[in-house]
Amino acid sequence: QVQLVESGGGLVQAGASLRLSCAASRRTFSTYAMGWLRQAPGKEREFVAAINWSGGSTNYADSVKGRFTISRDNAKNTVYLQMGSLKPEDTAVYYCAAGSTTTTIGARHIDYWGKGTLVTVSS
């Protein structure tokens, strides 16, 4: 089994930057595509970003393109989400996810979920 633990959430002002981290259990981490999903109050969980096992390809939701960057460090068993130009509408619980491919993660077909970290962006 793969366990995922998010960190780095918090309260920031609009326009600020924030970096989320997701630490995974070490066993077979590098074989998974990884991603981030988020859920805002009263809304369904939505796809944010995904990265393949090698880090060579990425996918982003249209709402975050140009502002967010996903990356991974397989040696550290960690995936990151660098968020910039944050907006109040980015406020959500952000979940780390592991899956087969970036495509399946984009379709919200997830093998393993983290418990989430809250990001609040004030105006």
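Give the aspartates and glutamates whose C-alpha is closer than 20 Å to that of Lys43, dropping any in the same chain fewer than 8 places away, or say none. The reachable aspartates and glutamates, counting only those whose Cα sits under 20 Å from Lys43, are Asp62, Glu89, Asp90.
Across the stretch 7-67, the mean sequence separation of Cα contacts (distance under 8 Å, 6 or more residues apart), normalised by length, yields a relative contact order of 21 percent.
For a straight C-alpha distance cut-off of 29 angstrom, the lysines reachable from Lys76 (same-chain residues fewer than eight places away being disregarded) are Lys65, Lys115. Available extension along the chain between Ser123 and Ala107 is 2.7 nm, counting 0.36 nm per residue and deducting the alpha carbon span.
Calculated FRET efficiency, Asp73 and Ser17, Cβ-Cβ r, R0 25 Å, to nearest 0.05? Given R0 = 25 Å and the Cβ-Cβ separation, E is 0.85. For the chain, just say rounded, prolate or oblate: build the C-alpha gyration tensor, square-root its eigenvalues into a ≥ b ≥ c, call rounded for a/c under 1.5, and beyond that prolate if a/b exceeds b/c, oblate if not. In terms of gyration-tensor shape, prolate.
When the residues Asp90, Asp111, Asp73 are ordered by accessible surface, computed with a 1.4 Å probe over the protein chains alone, the sequence from largest down reads Asp111, Asp73, Asp90.
The values are calculated or read from the model by the stated rules, or taken from the named source; none is laboratory data. Just so it is clear, the model here is predicted, and its values are computed rather than measured. A quick note on method: Cβ atoms are made from the backbone with ideal geometry, for glycine too, and the neighbour counts reach across all protein chains shown. To get the accessible areas, we keep the full protein, side chains included, count just its heavy atoms, and leave off ligands, DNA and RNA. Shrake-Rupley method; radii C 1.70, N 1.55, O 1.52, S 1.80 Å.
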